[in-house]
Structure formats: C-alpha cells, structure tokens
1. Of all residues in segment A:235-259, which are closer than 18 Å to A:Ala33 by Cβ and either among the aliphatic types (A, V, I, L, M) or in contact with a Lys or Arg (Cβ under 8 Å, 6 or more places away or on another chain) (or both)?
2. Quick check on A:Ala158: is it outside any helix (DSSP H, G or I) and touching a residue at least 12 places away in the same chain (Cβ under 8 Å)?
3. Is it the case that B:Lys70 is part of a loop (DSSP other than H, G, I, E, B) and at pLDDT 90 or above?
4. Are any residues in segment B:59-82 of a type in the set (Ser, Thr, Tyr) and more than 8 Å from chain A (Cβ to nearest Cβ), and if so, which ones?
5. Can you name the residue in segment B:28-43 that is more than 23 Å from A:Cys25 (Cβ to Cβ) and more than 11 Å from every other protein chain (Cβ to nearest Cβ) and, of all such residues, is surrounded by the fewest Cβ atoms within 10 Å (Cβ to Cβ)?
6. Would you mind stating whether A:Gly43 is buried (at least 17 other Cβ atoms within 10 Å of the Cβ), modelled with pLDDT under 75 and more than 14 Å from chain B (Cβ to nearest Cβ)?
7. Just name the residue that is modelled with the lowest pLDDT out of those in segment A:267-281 that are assigned to a loop (DSSP other than H, G, I, E, B) and among the polar types (S, T, N, Q).
8. Considering only segment B:44-58, state which residues are of a type in the set (A, V, I, L, M, F, W, C) and either more than 7 Å from every other protein chain (Cβ to nearest Cβ) or assigned to a helix (DSSP H, G or I) (or both).
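The values are calculated or read from the model by the stated rules, or taken from the named source; none is laboratory data. Everything quoted here is computed from the prediction, not taken from an experiment. Cβ: placed from backbone, ideal geometry, glycine included. Neighbour counts: every protein chain shown.
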Amino acid sequence: MSQFSVYLPKLLTQDEVFISGRRSCQGCGKALAARIASKIIHGVATVSGNSAASGQFSAGALTAHSYAYDGVTWEPLIENLQSVIRQINESAGSTEQKGRQRIKKAVVGLDRRMFDTEELVVPPAFGSSTAGLYLCFDNEPHIDKLIRMLNPPAFKHAAVSHPPSAAEIKAAIRRKNIPAAVAEGSFSFIATACPSYPLDFIEKVKKALACSGNAFILVLTPCPTGWIFLPKLTIKVGLLAVRTGYFPLYEIENGIVRITQPLQNRKPVQDYLKMQKRFFTFPRELIPVVQEAVNDQCTELLSRAH
Amino acid sequence: MTKTKRHKEFESHFNPAIPIVEVFNCNEDWRFELPVWDTEKCIQCGVCYLSCPDGAIYQKEDGYYEADLKYCKGCALCSAQCWTGCISMQEVFKRFPWQIR
C-alpha cells in the first residue's frame, strides 16, 4: 500500500504560479517551499513583509515572498501589515463582483530573523481583528552566531567571544521552536512544516486557509550555500532534521497538539550535524549536549500531544 | 543588428554551443549539468516535478517529464529524489577554458 504514495504528486495541479528565474541559488529550500505552497494558494492575495531583515530576495515588483502572483500583490513595510490585511479581508466581496478571482485569505511571507531583530514590531502585527496566514521561512540564522563563537581569534588579537557553553547551545535549540510572540498571540492554527515532506506541508496549508482567524506555519528551509552542502542533498537534509527530532513536525489546532511525523525511533543527531560543513569546527564534546537538548524537546512535545 | 569586428572578436572567446543570453531571467549560460530522462525506466510518477525548486520540469503530451532548458539550474535534486534512478546528469559544454567543472 505504501508504494501507491509514489504517485501522489499526480493529484496536484499542473499549473505553475511560481515564476522561475535567477532569484535563488541551486537547490534552494526556500524557493522549493514557496513553490509547493503556491500550488494551494492560487487565487489568494499575498503580502511580503519587505523589511530590511526579511527582504532577502526582494528586488523589483516580484519577490520570492510574493509567490502566489495573480495580479494582487502588495509590498508594505512590516509596520503596515495589519492595516493592509484588513483591507484585503474587507475587499473580498467587492472583488468578486468585478469578476476577478475571490480572495480567501491574505498570505504573508516572513523570515525567521525578523523575530530576533524586530521583537517590538512583530507582536502588534499579529492582531486578533485580522485573519491571515503567516508563512515563516526559517534557515536558522541564529545558529551562525553560535558557530562564529567557535572560530579562533585572528593572529595577535585578543579573543572577543568565548566558546559556547552547554546552556547557550540548549537555548539556541529551544529558540528554533515556534517563537513566543506567536505562542502568546491569538492564533487558531499553528504548525511546523518542511518541504521534504511536501504532502504533509500541503495539508497544513489547506487547513490553515480553511480555519477562521489567524494561522502560522514555521517552515524549515535548508540552505545549501549557508549550511554548506551539495545542492542535491536539500531534501535529504530536511528529512534528517525531522527523523532525528531536531525539527519535529506537529500542529496545534485550537490548543490541541498533534504530531504528524512519528518521534519514537529517532536517529542520532550526529548524522544531521555531519552532513553540513558549517558544523566543521563544532567540537565533539558538545554533540551529547545537542542530543540532550533534542531529547528534552521531544519528550516535552510527546507529553503535550494527545 | 549588424555585427562589427569587435562583436566577432568577443564571440570567438566563447563556445558556439552555448548561446549568449540576452534575457537575464534564464540560466542557460552558467549551469554545469542538465538532467536526462531514461524513458525505459521512467514510471511517470511525478516526484521530479514536485521536487524541482525552480518549476523547470513539465509533463509532455506522451506522459514523460522533461526539463525546461531555459530555467533549469542543474542542481540535481530531481535525480537524487528519483525512485527508479532514471534521471542522469549530463555535463554541458564549458564556456570558458578556465572553468573548473
């Protein structure tokens, strides 16, 4: 029966909304996630949070964030987000009369780094009066800071930073979970997803569009240039991140936690760290610390799940 | 457009197999590899179509899949994900003599 799942991609639409070009590197995980999501979000208005931190791809009118392009795109600053989304929701009826496609929900593409830098700006954007889907692409920018601490100082220079302690590593791994601004906010649907599980990701986007109120999906997007691995391994790195428990896939619907990929028989985290060249300077003594933090995270999740 | 002497000098440096790109949307001029499908092994499942990050793979009328030569970047994700192993990567011509791959 499991062999029939091979043919599942044939059920998806063949129409391409995603515009290909030179916007991304070879084997970009972010572009892959945006393309898979755009198969479901067809006639939906999109907004890109085009601030300095999140606008990594942005150049011109079309960005990778505004992927579901159907003639209705906006590019406001992150401060204006809430008012623009409210306008989209109110204008849903009027656009239908003019013979255009009906707008179901506003979709916003964000970068994970925004939650670290613009902590004061983000919470008011997630208002309870609006209804939107927030897709947050996470390529782990905060781990780079941890790796930079491991590098020795330049010749004849005093050490500016110190090697990270066990507590700092555990804090960094806890940080890659769903941010506190989202967990405390008024969200009816929160989920994590990865483009290496495309059909799982598609189901979550469908659920998020169908629910009333705000929805948030955190997407892990492997980055071949930043994490330093071959571009053909993008999907396999994402698979390992889920199978080791480093990035567990789950969804929270009205306060009920449900784990979508099994977490019982996990692989060691060492397999995941070995695949990427950015962990080349990572000392072996600290690998058990990472394993411990991942185990704590998984046991906490399993106790919350129903 | 008439070709001047300078144009001809410029073109002599390049391999004629690769076109000089004027539309800067396409990736014809810098990629190193291209996927080639073996139609005997292919089961037309569409996994390669789903795993392409550029949307460069499309289905032909006879059911088999093919890469769009304009937009393919040669990342080899489709060949890594293929179940039957029918996709092989073919090296394309070097443009510059000092090009490594």
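1. Going residue by residue through segment A:235-259, those that are closer than 18 Å to A:Ala33 by Cβ are A:235-242, A:246-251.
Listed by number, the residues that qualify are A:Ile235, A:Val237, A:Leu239, A:Leu240, A:Ala241, A:Val242, A:Phe247, A:Leu249, A:Tyr250, A:Glu251.
2. Values: outside any helix (DSSP H, G or I): yes; touching a residue at least 12 places away in the same chain (Cβ under 8 Å): no.
Here the answer is no, as A:Ala158 does not meet what is asked.
3. On the way: part of a loop (DSSP other than H, G, I, E, B): yes; at pLDDT 90 or above: no.
Considered against the rule, which asks whether it is part of a loop (DSSP other than H, G, I, E, B) and at pLDDT 90 or above, B:Lys70 comes out as no.
4. From segment B:59-82, those of a type in the set (Ser, Thr, Tyr) are B:64-65, B:71, B:79; that's our starting set.
Scanning segment B:59-82 gives B:Tyr64, B:Tyr65.
5. Restricting attention to segment B:28-43, the residues satisfying the condition of being more than 23 Å from A:Cys25 (Cβ to Cβ) are B:37-43.
Next, only the ones that are more than 11 Å from every other protein chain (Cβ to nearest Cβ) stay: B:37-42.
Values: B:Trp37: 20, B:Asp38: 13, B:Thr39: 11, B:Glu40: 7, B:Lys41: 12, B:Cys42: 17.
Among those residues, the one meeting the criterion is B:Glu40.
6. Details: buried (at least 17 other Cβ atoms within 10 Å of the Cβ): no; modelled with pLDDT under 75: yes; more than 14 Å from chain B (Cβ to nearest Cβ): yes.
For A:Gly43, the condition - buried (at least 17 other Cβ atoms within 10 Å of the Cβ), modelled with pLDDT under 75 and more than 14 Å from chain B (Cβ to nearest Cβ) - is not met.
7. So the first thing to find is which residues in segment A:267-281 are assigned to a loop (DSSP other than H, G, I, E, B), and the list is A:267-268, A:275-276, A:280-281.
Retained after the next criterion (residues that are among the polar types (S, T, N, Q)): A:276, A:281.
Details: A:Gln276: 93, A:Thr281: 84.
The selected residue is A:Thr281.
8. Answer for segment B:44-58, where residues must be of a type in the set (A, V, I, L, M, F, W, C) and either more than 7 Å from every other protein chain (Cβ to nearest Cβ) or assigned to a helix (DSSP H, G or I) (or both): B:Val47, B:Cys48, B:Leu50, B:Cys52, B:Ile57.
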